[in-house]
Amino acid sequence: MSYISVFDVLGPGMIGPSSSHTAGAAVIAFLAHEMIAPPLKKVEFILYGSFSRTYRGHGTDRALLGGIMGFGADDARIRNAFQIAAERGLTYSFTPRDTGTDLHPNTVDICMENAGGRVVTVRGESLGGGKVRISQINGVSVDFTGDYSTVIVVQQDKPGVVAHITRVLSDSNVNIAFMRLFREAKGHTAYTIVESDGRFPEGIEEPLRANPNVHDVMIVEP
């Protein structure tokens, strides 16, 4: 039996007029911000559906820019996101797209580049009420919400890697709520996404990276 929480009725604490177009947008961008090492140098937001048509009037542009700088949906700095981005030397752009009609109507692709030249692309969907879903990382289909503490392990799809991940998490006394593997194709790049009820221990990235087939580890905290 499904239920509706008080937070679904009242909506999230947020800056802006719309839980879908501002709060959700800020959360998507905040989660993306957690997936790349700072400082961020450049970001392009590619907007689809209703995002592409109303992003200026509903403050989606400010919300996305604030989120990518690490501001939460209720952070008053979102109102001054353009000015703060300029002060930080962050280059940004917003590109509306009419294509992709099969996508969720509130979808954004966030293409980020940090000062070290690393590039990460994240696709997110704003589902309403401030709830979101991350549906792609670097073109690979994934599925997580950011409601839980999440570790994302980027790996080569080879035997033993998942066992290594679960062993490290078990040794660190991490309680796994959900664990799923997504991949481009057999033997290619894969993403193991683990969601936990509690925060991940400090420094857990190092033992996870100890396997030679692990390329990167990202920790995303809600």
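Here are some notes:
- Just one of the listed residues (V142, V161) is more than 24 Å from A63 (Cβ to Cβ), among the hydrophobic types (A, V, I, L, M, F, W, C) and either crowded, with 16+ Cβ neighbours inside 10 Å or modelled with pLDDT of 95 or more (or both), and it is V161.
- Matching residues, segment 164-213, being surrounded by 12 or more Cβ atoms within 10 Å (Cβ to Cβ), polar (S, T, N, Q) and in a helix (DSSP H, G or I): T166
- Here A115 meets each of (1) over 14 Å from the mean Cα position of the chain (by Cα); (2) among the aliphatic types (A, V, I, L, M); (3) not assigned by TED's automatic domain parsing to the domain that holds T22 with one exception, condition (3).
- Unmet criterion (only one of (1) within 17 Å of H215 (Cα to Cα); (2) part of a strand (DSSP E or B); (3) in the same structural domain as G72 (by TED's automatic domain parsing)) for V154: (3)
- Every test in (1) within 27 Å of M112 (Cβ to Cβ); (2) free of Cβ contacts under 8 Å to residues at least 60 places away in the same chain is passed by R167 save one, and that test is (1).
- Scanning segment 115-167 for residues that are in contact with a Ser or Thr (Cβ under 7 Å, 6 or more places away or on another chain) and among the hydroxyl-bearing types (S, T, Y) returns S126, S135, S141, Y148, S149.
The values are calculated or read from the model by the stated rules, or taken from the named source; none is laboratory data. Bear in mind the structure is a predicted one, so any value in this text is a computation, not a measurement. Glycine also receives a Cβ, built like all others from the backbone with ideal geometry; neighbour counts cover every protein chain displayed.
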